[in-house]
Each structure stands twice: as structure tokens, then as C-alpha cells.
Amino acid sequence: MALDGVLLRHIKKELEEKLIDSKVDKIYQPTKDQLVLSMRSREGSELLLISARANSPRINITAAKPENPKYPPMLCMLLRKKLSGARLRAVRQPDLERLLLLEFEAKNELGDTVMLTLAVEIMGQYSNIIFIDENGNIIDAVKRVDASMSSQRLVLPGMKYEQPPKQSKLCVLDNDAEAIIKAVESLPGSKPLSKALLSVMQGISPIICRELEYLTGRGADVFSDDLDEDKRTRLSYFLKRDIKAVRECSGEPFIITDQSNKPIDFTFEHIQQYGSGRAKKETDSFCAMLDLYYSKKDNAETIRAKSEDLTKLLSNAASRLIKKIYIQTDELKSSADREQLRISGDLIQANLYRITKGSKEVTVENFYDENMSDITISLDPALSPAANAQKYYKAYQKAKTAEQVLKIQLEKAETELDYVSSVLDAVSRAESTAELAEIRLELTEQGYIKTKGSKKQKADKPLPPKEYVSQSGFTILVGRNNKQNDKLTLKQADKNDLWFHTKDIPGSHTIILTGGREVDDDTMLMAASLAAYNSKSREAGKVPVDFTKVRYVSKPRDAKPGMVIYVNQQTMFVEPKDYPVKK
């Protein structure tokens, strides 16, 4: 759902309680449409996340430390220059608009005290973060809006800041339940009550409007022109309850989950429309609720955006290899008929005395056939009979050589396709930009990414493999990418440790560090499930996973990173499952 005006009012209250008079210590811009302000006070420090992403705009105190780019964007540098050391003096929200104005007391270049404002507009795809000076002029914005993008409201440096146009709806801070019901009843035609409420109330999300209809009709559909005395009374009661919660900011954070316990919505009150057990109060604050709801979604979106070029590069490489394999396989099938060329040459050679120069074909007995049946062989009339025989021998030799070359080329192409598929799988499972950076480095070393200039950049410290611990105390390590898989299996693991990998499916190398002990069945199942989860078959049902001792795993000469061969394996069929990573 979108962050509505009511929830934003609760967020405003939490920001005022925790951040007012705190100082801006550091400023980050993890992505082009996100800002993180490190706010410091006597009580400690907090991270304030402000996002203008189209599918997850929000503002809240976050516990997640941002993963920042190596070089800060220009807007981030500007904010650091203007806002570093500034104190947050006020957080304003006009009525129940989806807009928060963060007012900072700062010092300008001359040392004078000025008030600078961050306008946080939470409006879906039109969300924005706008930096405003003491005169109300725009300094800059996360999303600049020029005349080609909008003729109604421009957002450009130097222009006067204007708030988004207000909707002609009733604000519950100034209107009571009776006024809202009358507005619903005055609407033309017949509409579902939830849609009618949404069209007349400011700052209320669809889920609350649906809940009001659900409670009014006791689970049955209710329409705006069908409010009898009983329904009107019930609607008035629940409206008054919600209005009180909005005015007093007394709502509580609830997350609604689906049947698989995946978060699908959030709100400020307990919701009954989805049935029992679907609305859960999992956090103590609205900021923590938004953090919980959006954290995985935001991280996945960030990784997706930063891996688009890698995905495109690898997908194109895979397409070229698939086409190449198809063509070479077709050519290999053609060369499979080469024996017929040799036979034709032998039969011509054996029947030279019967062939006259200039003949276009000759019919002879095929002594290679058990039945000695006749066979007709095409001839080049411009060549002598002996030359025709040599022509067939040369064609045979050419086809034989082609088959040998094609088999080698086909094996190389298939091996490379396996490698590209494994890297593509690693990209799809990457959980941080640091993991993407390691994959980028691997592709650069393998020649898939061309480097500009001869100067090499300093490599970042390699990430460790994912580490898990089974209930019986065994450590399980999972590689994040091909280079890490090689290091984990071929250098880090002991020869008697156990190695797991999905059977004929791209995935991570998974190791149980045995320490010379006998491994229990539960640990084996956990390792196999992790190997399945960290593979291309993450979303599958039962997945075959091979396991063997590390001593039986080896790397062929000149093989690509992550590519190994193994023997003495056994196979388990398990469901992919993730486990908490060891902190």
C-alpha cells in the first residue's frame, strides 16, 4: 500500500519525539532517489531514511545501515555542504497531506543562521525530496521536473517552491463523522462504500476504507446510496473511532500478511477484513514497521537496478552461445554422413574401368552392402573418374576433420554456457552491491567486461562466504560467487569436509566443516537445503543435491571459476530452505 496521510501523521509524531533538536552528523545518498541522514543528539544517534522511490516512497527512522556508492552524487555533496551540523527544529505536515516539511536551523557561508527545509513528498511515482532555502526557493531536488515533464508544477533550482495542489476532500482533523457521512450520501449514483469514503476523505488509505465498509456491513457489501439507519449508525461509530485515533495519534502499527506469512499491507489499526491472524503487531513503532515492511523490497530493488547491466551482458552472452551451439550441432549432424563419402570414393576407385570421362553418374554394386545392392553415385563430368574418386576422398577427410573440430568447439561452447549461467544465477541471488562488485571483478578478469585505461583500481576486501551453524554445532559455509566457490572448496575446506552442490543446476558450493566428526542427518539436510536455496532452483519443489567429500572434488585445467568435477557422490532430494546467517 501507499504511505497515507494518517500514517504519515504518526511518523511525524515519532520523528518529533526522537529527532527534534538533533544535529545532522552525516549525509548519505545510497541510490539516486534515497537519502539517509545520520542525526546525533545527547541520547545517541539515529538514521533517518527518506525515499522517493515510485514503489516504496517513505520517511522513517531506520536500523539498516546504508550501503553507499564509492563516490557520492552531486546532490549528496550539496546537502553535506549546506546541512552538515544543522539542527532539526520542526517537522510540519499540512493537514493530512502526504507531505512532511523538515525544517533545519543551519549556518550559511557568512556564518548567519538560516532556516533550510527538506520537503518530503510521498506521492507514488510523483514522490520527491526537495531542498529549499530560507527564502522558499528550490536549491535542488532528487527529481527535477521541467516543462517537458509537467506543465502544472515545475521543480527546478532557483524556482519558488509550491506545495502539491490540495485535493478537494474532507480532512478528519477538521470534520466529524456526520460531515463525512453526509458527503458520502451526497455523491451521485451508487458506489461501493469503500470507494465513496476514499473519494471524500483526505489522507485515508484504501485498506481503511475497505475496513470501514466491512465493519459497517458485517462483512457484506455496502453501497453509498444504501445506508439505512443501522448501517449509518455502525459507520458513524467506526468513523468516530478512527477519527479519534487520527487526531490523538493513538494508532498502533499493524502489518497484514498473506497465507505464507509474507507482508502485503500495513496500517494503524487491527484489520479484520482478511480474517483472523492476518493482522500482526510485530513492531512497537511506525518507523520500525515501515523498516520491516520495505527493507527486503528496497534492497531487492537496489540490487536489481545496479545489476541490470550485468544481467543484460550475461543474457546476451548466453543467447550468442545458445545460437552457436545450435549451429554447430547442426553442422555436426551433417558431418555424421561422411562415411558415405568414403564409400563413394572406394566404389568409384574399384570401378574406374567401367566409367567414361564426361559421365554425370555411375551405377555400381555396393560391396559394402550385405545384399550387394546397386548404388548410383553422382559424378563431375569435367573430372576424370580417378579425380572424381579423389574428390569424394577429400570431402570425406574434410568432414572428418570438421567433426573433430566441431566436437572441441561444441564442448567449449557448452562449458562456457554453463559458466555464464552460473554467473547469471549468482547475479540474481546477490544481496549487496559488494557481491555485485566481486562478480564484476570476476567478469573483468575473464574478459567479459572491458576495462578503460591501463590503471587498475584497488580491489575491495573480499567478502567472506555465508556462514551458518546447525543445531548440533557444525559450521556450514556457502559461497556467494564463482571465485568464492573456488576458494572455499579448493583452499579453505579440509579434504574430509563434506561438499554439496545442486545436481546439473547452477548454484553455490556448500561445505560442512566436519572437524573430523561424524555429521548427523539434520545437519546434512540443512546443508543440502541451503545448497538448493542458493541455486537457480530456489523456487522449485524437490531439488536433487549431490554431496561427496572435498577430496573427491577437483578443478580441470584451464576451467572457468567455479567449474569443478567430482566423483563418489550421493544424491539427496530436498526442498530449498534458507536459515538465519551467523552474525
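The values are calculated or read from the model by the stated rules, or taken from the named source; none is laboratory data. Fair warning: this is a prediction, and the values are worked out from it, not measured in the lab. Note that each Cβ is placed from the backbone with ideal geometry, even for glycine, and that neighbours are counted across all protein chains shown. Just the protein is used for accessible areas: all its heavy atoms, side chains included, with ligands, DNA and RNA removed. Shrake-Rupley method; radii C 1.70, N 1.55, O 1.52, S 1.80 Å.
Sort the stretch 458-583 into rounded, prolate or oblate with this rule: let a ≥ b ≥ c be the square roots of the eigenvalues of the Cα gyration tensor; rounded if a/c is under 1.5, and if a/c is not under 1.5, prolate when a/b is larger than b/c, oblate otherwise.
Details: a/c = 1.23, a/b = 1.17, b/c = 1.05.
Taking the square roots of the gyration eigenvalues as a ≥ b ≥ c, the stretch 458-583 is rounded.
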Next item on the list: Using only Cα atoms, tell me the angle between helix 521-533 and the longest principal axis of the chain; keep it within 0 to 90° and round to the nearest 10.
Entry: 90
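Using a 10 angstrom Cβ neighbour count of at most 11 plus a DSSP loop assignment to flag exposed GluC sites (Glu not before Pro), which longest range of the chain is free of such sites? Could you put the intermediate results ahead of the total?
Values: sites that count: Glu43, Glu109, Glu370, Glu518, Glu539.
Between the exposed loop sites, the longest stretch runs 110-369.
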Next item on the list: Run the quick spin-label model on Glu575 and Lys461: label points 7 Å from Cα toward the beta carbon, then report their separation in nm to one decimal.
Entry: 3.9
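Could you give the accessible area per residue of the stretch 490-530, probe 1.4 Å, as a whole number in Å²?
Details: 1920 Å² over 41 residues.
For the stretch 490-530, the per-residue accessible area is 47 Å².
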Checklist line | Violating pairs (Cα-Cα greater than 24 angstrom) within the set Lys240/Lys281; Lys412/Lys483; Lys495/Lys536; Lys412/Lys555; Lys244/Lys280 | finding: Lys495/Lys536
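Considering Cα pairs under 8 angstrom that are at least six residues apart, work out the relative contact order of the chain and quote it in whole percent. Walk me through the numbers on the way to the answer.
Working: 1014 pairs, mean separation 46.0, N = 583.
Reported as a whole number, the value is 8 percent.
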Margin query: Below 16 Å, Cα to Cα, which aspartates and glutamates can Lys407 reach? Residues fewer than 8 away in the same chain don't count.
Written below: Asp330, Glu331, Asp337, Glu416
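Using the Cα atoms of the stretch 244-331 to build a convex hull, what is its mean projected area in square nanometres? Mind showing how you got there, number by number?
On the way: hull surface 38.1 nm².
Result: 9.5 nm².
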Item checked: Scaled radius of gyration (Cα, divided by 2.2 N^0.38 Å) that the stretch 386-440 gives -> 2.16
Margin query: Between helix 286-306 and the chain, what is the angle of the helix's C-alpha long axis to the longest principal axis, kept within 0 to 90° and rounded to the nearest 10?
Written below: 30
Note to self: Modelling each spin label as a point 7 Å along the Cα-to-Cβ direction, I'd like the Arg80/Asp504 distance in nm, to one decimal.
What the structure shows: 5.3
Checklist line | Cα-based Rg / Dmax (Å) for the stretch 50-196 | finding: 18.9, 62
Next item on the list: List the trypsin sites (Lys or Arg not before Pro) within the stretch 262-344 that fall in a DSSP loop (any state other than H, G, I, E or B) and whose Cβ has at most 16 other Cβ atoms within 10 Å.
Entry: Lys281
Check: Between the helical axis of 206-216 and the dominant principal axis of the chain, each derived from Cα atoms, what acute angle in degrees is found, rounded to the nearest 10?
Finding: 60
Next item on the list: Whenever you get a sec, compute what percent of the accessible area on the chain sits on carbon and sulfur atoms (1.4 Å probe).
Entry: 50
Next item on the list: Give the whole-number value, in cubic angstrom per residue, of the convex hull volume spanned by the C-alpha atoms of the stretch 349-402.
Entry: 82
Margin query: Viscosity 0.890 mPa s, temperature 25 °C: give me the Stokes-Einstein translational D for the stretch 1-118 in µm²/s, with Rh taken as the Kirkwood radius over C-alpha pairs.
Written below: 166
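What FRET efficiency comes out for Ile327 versus Lys70 if R0 is 41 angstrom and r is the Cβ-Cβ distance? Round to the nearest 0.05. Intermediate values should be presented prior to the final figure.
Values: r = 42 Å, r/R0 = 1.03.
Once rounded, the FRET efficiency stands at 0.45.
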Next item on the list: Give a quick list of trypsin sites (Lys or Arg not before Pro) in the stretch 453-545 that DSSP marks as loop, anything other than H, G, I, E or B, with at most 10 other Cβ atoms within 10 Å.
Entry: Lys455, Lys456, Lys458, Lys495
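Compute the FRET efficiency between Lys240 and Met123 as 1/(1 + (r/R0)^6), taking r as their Cβ-Cβ distance and R0 = 45 Å, and round to the nearest 0.05. Before the final figure, lay out each step's value.
Values: r = 29 Å, r/R0 = 0.64.
Step by step, r from the Cβ atoms, then E = 0.95.
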Notebook entry, point to check: Just for the Cα atoms in the stretch 99-179, what are the lengths along the principal axes, largest first, rounded to whole Å?
Noted result: 55, 33, 18
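Multiply the residue separation of Asn496 and Ile449 by 0.36 nm, subtract the distance between their alpha-carbon atoms, and state the gained length in nm to one decimal.
Values: separation 47, 0.36 × 47 = 16.92 nm, distance 3.70 nm.
Value of the extension gain: 13.2 nm.
Report the full-extension gain for the segment Met372 to Leu154: residue separation times 0.36 nm, less the Cα-Cα distance, to one decimal in nm.
Numbers: separation 218, 0.36 × 218 = 78.48 nm, distance 9.05 nm.
Length difference between fully extended and current span is 69.4 nm.
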Margin query: Residues of the stretch 209-245 with the amide nitrogen closer than 19 Å to a label point 7 Å from the Cα of Glu178, along Cα-to-Cβ, please.
Written below: 227-244
Check: By how many nm would the segment from Leu187 to Glu134 grow when fully extended, if each residue of separation counts as 0.36 nm and the alpha-carbon distance is taken off?
Finding: 14.8 nm
Checklist line | q = 0.16, 0.19 Å⁻¹: log10 I(q)/I(0) that the Debye formula gives for the stretch 166-277, counting C-alpha atoms only | finding: -0.72, -1.00
Next item on the list: Sort all Cα-Cα distances of the stretch 364-496 into consecutive 5 angstrom bins from zero, then give the percent of pairs in each bin up to the one containing the longest distance.
Entry: 2, 7, 10, 12, 11, 9, 7, 6, 5, 4, 5, 6, 7, 6, 3, 1, 0
Note to self: I'd like the accessible area for Ile565, computed on protein heavy atoms only with a 1.4 Å probe and all protein chains in place. Round to 10 Å², please.
What the structure shows: 90
Checklist line | Label-to-label distance, nm, for residues given as Arg517 and Glu252 (7 Å Cα→Cβ offset) | finding: 4.3
Next item on the list: State the label only: which of [x] 301; [y] 135; [z] 152 corresponds to volume of the Cα convex hull per residue in Å³ computed from the shown model?
Entry: [x]
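Return the equivalent ellipsoid semi-axes of the stretch 156-203 as a descending list in whole Å, where each equals the square root of 5 times an eigenvalue of the C-alpha gyration tensor. Please list the in-between numbers first.
Working: eigenvalues 178, 34, 12 Å².
Result for the stretch 156-203: semi-axes of 30, 13, 8 Å.
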Notebook entry, point to check: Projected area of the stretch 518-561, taken from the Cα convex hull and averaged over every viewing direction, in nm²?
Noted result: 4.4
Next item on the list: DSSP loop (so not H, G, I, E, B), at most 16 other Cβ within 10 Å: list which trypsin sites (Lys or Arg not before Pro) in the stretch 90-159 pass both filters.
Entry: Arg144, Arg153
